[in-house]
Amino acid sequence: FKGPTKPSRNPQAPAVGFPTTRMRRNRRTDWSRRLVAENRLGVDDLIWPVFVHAGDEPRIPVPSMPGVVRHSVDALVEAVGEAAALGIPMVAVFPLVDPALKDPEGSNAVEPDNVVCRAVRAIKAAGIDIGVMCDAALDPFTSHGHDGLMRGEEILNDETVEVLVRQSLIQAEAGCDVISPSDMMDGRIGAIRTGLDAAGHGHVQIMAYAAKYSSGFYGPFRDAVGSASTLGKGSKDTYQMSPANTDEAIREVALDLAEGADMVMVKPGMPYLDIVRRVKDTFAVPTFAYQVSGEYAMLRAADERGWLDGNRVIMESLLGFKRAGADGVLTYFAVEVARRLKAG
Ligand code: PBG
């Protein structure tokens, strides 16, 4: 490396480097910018979370998530077919459960004919070549909106894990490819793995919501699955992680991997990119981030008001996940982004 032969006239310039080194040289042309790009977002990075309800209405909008709907089973099959045609590798299915079916035990969660299982069976029966992931968690099914069984104000851990295993089994039976426990009970990954293996579902993968924070960014999701009203002012702080913590996320991920998780997830996404990076660097395992409902709502709302250029900030936010080390992103923007990527 040869430094400048004479001192720069710019007093801010470092003693060596400039003007020999000009960072802008690589940025001058489009082809050069493409050539030096370190990260890229592709359709293979996308997981599309979808909502399904048991009624006939093809699409019921989610008011706090403009552009997102709760599909009927038939409409969902059509939408998932479209996602597969675009090359999206996986969808994550979430239910809107009829309030009449909710009870304190979330018993509809272990009912083999519930709307999640019916949706999975319909997607598989249609022969669509796409991965189907289902949450193991009780909150869309419980009358109190919590992810676990309760005694008084307490969320019962081990009793809940037993139900989660049963929920996972009926979902696997229905054809679900990936179980994603999003409940944050201790020990559930190992129990679900053991249960799946014993029932002959050794090929079913587990994507653990390993570092899931107790977050205000889940608000619109709770509208979408109808748990906002059941949960009310209830807090998930006794089982989801504190936004203050980082080391704790590493312990959570280590435990889930030791218990048999195939992939791990950090959630929410944008405010937790430091966690994504640290998990990826520490464990070097398939690591995913969930750009959650509140993140979707923020970007969408600002775009609708003309305060941000939606196209631009959506792509920028997703590239940020790649830069942080994520192998993929769950995002409600998946289909529109896949279309844009296809169009070039
Ligand atoms: C349920 C669950 C939640 C989300 C995914 N699974 C909400 C919660 O924990 O309250 C949030 C997803 C989103 O906000 O997009 N256990």
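Here, each number is a calculation from the coordinates, and none is a lab measurement. All values derive from a computational prediction rather than experimental measurement. Because the Cβ atoms are built from the backbone with ideal geometry, glycine has one as well, and the counts that use them run over all protein chains shown.
Some points to look at:
- Theoretical gain in end-to-end length, Asp129 to Glu111 [0.36 nm per residue, Cα-Cα removed]: 3.9 nm
- Our helix-only sum for the chain, with -39,500 (n - 2.57) per DSSP H run of n ≥ 4 divided by its residues, gives a mean residue ellipticity at 222 nm of -11500 deg cm²/dmol.
- Largest mean-square fluctuation among Arg188, Arg278, Arg33, in a Gaussian network model of the chain whose springs join Cα atoms under 10 Å apart, belongs to Arg33.
- Distance (nanometres) between label positions extended 7 Å along Cα→Cβ at Thr246 and Glu78: 4.8 nm
- Between Ser32 and Asn10, the contour length at 0.36 nm per residue exceeds the Cα-Cα span by 5.2 nm.
- Residues Ile60 and Ala85, FRET efficiency given R0 of 30 Å [Cβ-Cβ distance, rounded to 0.05]: 0.80
- Spin-label model, Asp103/Asp237: points 7 Å from Cα along the beta carbon direction are separated by 3.2 nm.
- Over the chain, relative contact order from alpha-carbon pairs under 8 Å, at least 6 apart, %: 17 percent
- Straightening the chain between Thr21 and Leu319 buys 104.6 nm, computed as 0.36 nm per residue apart minus the Cα-Cα spacing.
- Descending by average beta-carbon neighbour count within 10 Å, the peptides 169-177, 133-141 line up as 133-141, 169-177, the highest first.
- With R₀ set to 45 Å, the beta-carbon distance separating Ser214 from Asn311 gives a calculated FRET efficiency near 0.90.
- Residue order, fewest to most surrounding Cβ atoms within 10 angstrom, among Ile60, Ile192: Ile60, Ile192
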